[in-house]
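The values are calculated or read from the model by the stated rules, or taken from the named source; none is laboratory data. Small disclaimer: the values here were computed from a predicted structure and weren't measured. Note: ideal-geometry Cβ built from the backbone for every residue, glycine included; neighbour counts use all protein chains shown.
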Amino acid sequence: MRYVYLIFIFAVIATVSVLGFRGTKTTKNPLEIFPDMDRMPKYHPQAESSFFADGRTDRLPVAGTVARGTFIEDTYMASGKQGDAYGNGFPIEVNQAAIERGEERYNIYCKVCHGAAGDGQGRTAAFGMAAIANLTNAPYTDMADGEIFHYIGHGSRSGRMFGYKEKLSVEDRWKVVLYVRALQRAANGSIEDLTPADKEGLGL
Ligand code: HEC
């Protein structure tokens, strides 16, 4: 029975000490049980810092960072559309470096399904994934550049392929389109593409 009194007294003291002084004003510093939760060494946005040479706490994004949440598609460059229709032509500089960048991105993001040659025979086909588009054939060879660009960003019409706009910047998507065009050209080459000198060299 004694214990009951002791426990009761303890409970009263505990309750009063925790709840009893709520709302009381004091000039003393508040009791901080975990001060590091209140006072942590951190930078506030857009504050100054003596740590970095340029004096800013905010760092610039790493080169190649793809911005999220800023997909304003009001230009041909960003949407692949001219008016309501998909457009043709590349709004980026077309050169060897652009194709090589496209090849690199294609090999990272597309090859696994569409295959190194673009014929839809990637690793996933070997594991049984069906109906992967053979990008080197019609209708893909006849598609406008802007339409291919659009599907890369937003995914295929049937939804079986996801969009890559979070992973590929607008420029990189155009470069992938460029590389897809190169794959189509390579797959559909004919003897007529050779120069007379080349033909002669081959004894044709
Ligand atoms: C996970 C496998 C997979 C990956 C990775 C993939 N695709 Fe596809 N893609 C598909 C499949 C499956 C289809 C056919 C879907 C359909 O017919 O709707 C397709 C269709 C397409 C189409 C035609 C879309 C349409 O609606 O007709 C294009 C263009 C295309 N892919 C380009 C690409 C490019 C470029 C990449 C790399 C950025 C890529 N794909 C990555 C599986 C993939």
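Taking Ala186, is it aliphatic (A, V, I, L, M), in a helix (DSSP H, G or I), at pLDDT below 95 and under 24 Å from Ala125 (Cα atoms)?
yes
Is it true that Pro35 is under 30 Å from Leu178 (Cα atoms) and either exposed (fewer than 10 other Cβ atoms within 10 Å of the Cβ) or free of Cβ contacts under 8 Å to residues at least 12 places away in the same chain (or both)?
Taking the combined requirement at face value, the residue does not satisfy it.
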